[in-house]
Amino acid sequence: IMMAGYDGNPDDTNTATIKKAKPTVFAFEYVDDATGNVALVTYDLYLSNGVMDIGRAFNPVEGTTPPPPQEAIAENIQNLEFYYTLADGTRATTITPQNKRDLIRSVGISILARADSATSAISNRTYTTLSGAVWGPYNDGVRRQIVTATIDCRNMK
């Protein structure tokens, strides 16, 4: 995510930018130093073998929904949220149109992971994301853990 908008040659005509900024999908471009080509990376929540996973796809096929993840980077995910901060301090979970996406300066990520199976204990716990959304309670005996992080998009000017 720190690579979003990277172009090692400022005189280059490539315009690497953020392509999608939605609550559960984040897609961005960067210029690959080795080839000089613009590469597209997509992070997305998708269903795999009956459970949700977070996938990362490089150069996904346009028009497919969701893009075909080349690899699962996190398994057994209950929920995912991307929370964007713009240059003016505005924050939201969805940023449109493109001229607004070019103003993204950081991406907050909230991930709620879940155990593979239930225990005997039923919890009425809730989980609060970086945007303030509340997930749960689930009351199903499955243990969960929330993880949050904020990543600066150091190449977005």
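The values are calculated or read from the model by the stated rules, or taken from the named source; none is laboratory data. The structure presented is a predicted model; accordingly, all values stated were derived computationally and were not measured. Methodologically, a virtual Cβ is constructed for each residue, glycine included, from the backbone with ideal geometry; neighbour enumeration extends over all protein chains shown. For the accessible areas, the whole protein counts, side chains as well, though only heavy atoms, and no ligand, DNA or RNA atoms are used. Shrake-Rupley method; radii C 1.70, N 1.55, O 1.52, S 1.80 Å.
Per-structure values
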quantity	calculated
Filter pass, residue 150 being within 18 Å of residue 24 (Cα to Cα) and in a strand (DSSP E or B)	yes
Only listed residue being open to solvent by less than 50 Å² (accessible area, probe 1.4 Å), at pLDDT 95 or above and among the β-branched types (Val, Ile, Thr), chosen from 1, 77	77
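Listed here are the residues, each with its yes/no results for (1) open to solvent by 60 Å² or more (accessible area, probe 1.4 Å); (2) touching an Asp or Glu at 6+ places or on another chain (Cβ under 9 Å); (3) touching a residue at least 12 places away in the same chain (Cβ under 8 Å).
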position	(1), (2), (3)
106	no, yes, yes
115	no, no, yes
127	no, no, yes
137	yes, no, yes
142	no, yes, yes
145	yes, no, yes
156	no, yes, yes
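Matching residues to (1) farther than 18 Å from residue 57 by Cα; (2) open to solvent by 30 Å² or more (accessible area, probe 1.4 Å):
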residue	(1), (2)
9	yes, yes
21	no, no
26	no, no
32	no, yes
38	no, yes
